[in-house]
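Trainee: Please see the structure below; I have some questions.
Quick note: the coordinates plus some simple rules give every number you see, no bench work behind them. What you see is a predicted model; the values in this text were computed from it and never measured. Because the Cβ atoms are built from the backbone with ideal geometry, glycine has one as well, and the counts that use them run over all protein chains shown.
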Amino acid sequence: MDLLSVSLQEEISKYFQEDDLRRNAYYLKQLPTESVACNIFIKSDLLLSGLPWFLATFDYLGANSIDKNLVDEFEGKLLSKGAVIPIGKLAFSTALTGERIALNLMQRASNIATYTRKYVDKAEKYNIKILDTRKTTPGLRNLEKYAVRTGGGFNHRLGQTDLWMIKDNHKSYFGSVEKALDFFKGMGSFYTPIELEVHDEKEFDEAIKLGIRHIMLDNFSPKAIEKIINKKPVGTTVEVSGGVTLDNLDRYLIRGVDAISVGSLTYAAPAVDISFKYQKVK
């Protein structure tokens, strides 16, 4: 079992608890264990992601016959409808027990990776990075953040304390941007960066005056971004967020913008189609 698969076993365990196999020991005992030949069928054009989770699911069930080189060969690759990935042989009991969890995880990741790649293809010619957000599915953040990376995007932050983000609620509670900034500076996290979410040109100017190096323009129109982007000091990063979709992305691809964060990468990625089939070995 490889290191990634080992690291995923706790996650996989929770998914099997949800499936609640413990309820019927007789059923588990009676499942046939003859070998079946297994294949993944790609039923729509997609960028494959989540294959390590797929394989780790069967590792959890004790399978040791799957070739881990499949990850190097297929993970992160653009695959066309009709492609087939041969998984090898599994016991029927193992294939049947793991298929739904394995397929759910890989399909979820492939949805996100495929959708992310569409944004990245448009933005990379402007040297603008596409970022995810923390708007992830509870219990699936690791998978979903991984899928964004597989699709060519970047992770904004994995958890709340990876970066201190000053948002509206902070400004309201502490009374000002400066007081909120002082609070996070007081955390004593020497290497943790601070980002300020701003909503108009006045707040942008205040951020620059306070020496904030990472600024998020929240729900700015393309016209408003074009008006202030030339004020960006050297060494400052400007992130655009809010209201950006695949349909209007081209309007936000403005020189000087460093990154665009898109929550829908993880919460609204359209579904791709993948199936898992197996046949008894004669």
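Trainee: How would you rank 111-118, 63-70, 257-264, highest first, on the average number of other Cβ atoms within 10 Å across their residues? Display every interim value, and only then the final one.
Mentor: Details: 111-118: 25.5, 63-70: 13.5, 257-264: 20.6.
In decreasing order of mean packing, 111-118, 63-70, 257-264 become 111-118, 257-264, 63-70.
Trainee: Let me ask something else. Percent of alpha carbon pairs in region 1-144 separated by more than 18 Å? All intermediate terms of the calculation are to be shown ahead of the outcome.
Mentor: Working: 6238 of 10296 pairs.
Percentage above 18 Å: 61.
Trainee: Roughly what would the spin-label model give for Asn169 and Lys282, points 7 Å off Cα along C-beta, in nm?
Mentor: About 6.2 nm separates the two model spin labels.
Trainee: Using every pair of alpha-carbon atoms in region 122-267, split the distances into 5 Å bins beginning at 0 and state the percent of pairs per bin, rounded to integers.
Mentor: Taking all Cα pairs of region 122-267, the binned fractions are 2, 9, 19, 22, 20, 16, 9, 3, 0 percent.
Trainee: Which entry in (1) 133; (2) 123; (3) 149 is this structure's computed volume of the Cα convex hull per residue in Å³?
Mentor: Evaluating volume of the Cα convex hull per residue in Å³ on these atoms matches (3).
Trainee: A further question follows. Put one equal scatterer on each alpha carbon of region 1-69, apply the Debye formula with no solvent term, and list log10 I(q)/I(0) at q = 0.14 1/Å to two decimals.
Mentor: Reported log10 I(q)/I(0), two decimals: -0.57.
Trainee: How far is helix 141-150 tilted off the main Cα axis of the chain, in degrees rounded to 10, range 0 to 90?
Mentor: 80 degrees
Trainee: Can you list the residues, at least 5 places off or on another chain, whose amide H is less than 5 Å from the amide H of Phe220, using H built in the peptide plane?
Mentor: Ser241
Trainee: List the relative contact order of region 127-245 as a percent without decimals, with contacts defined as Cα pairs under 8 Å and 6+ residues apart. It would help to have the intermediate numbers written out before the result.
Mentor: Values: 130 pairs, mean separation 20.6, N = 119.
Worked out over region 127-245, it gives 17 percent.
Trainee: In addition: Note down the relative contact order for the chain as a percent, whole number, built from C-alpha pairs under 8 angstrom at least six residues apart.
Mentor: Numbers: 474 pairs, mean separation 67.0, N = 282.
Relative CO of the chain lands at 24 percent.
Trainee: Additional query: Residue-wise, which Karplus ³J(HN,Hα) couplings in Hz belong to region 72-84, taking 6.51 cos²θ - 1.76 cosθ + 1.60, θ = phi - 60°, and x for glycine or proline?
Mentor: These are the phi-based 3J(HN,Hα) values: 4, 7, 10, 5, x, 9, 7, 10, 8, 3, x, 5, 10 Hz.
Trainee: Something else now. Considering only DSSP beta bridges with both partners in the chain, what is the antiparallel share in %, to the nearest 5? Present the calculation step by step, with values, prior to reporting the outcome.
Mentor: Values: 16 of 35 bridges.
Once the DSSP bridges in the chain are tallied, antiparallel ones form about 45 percent.
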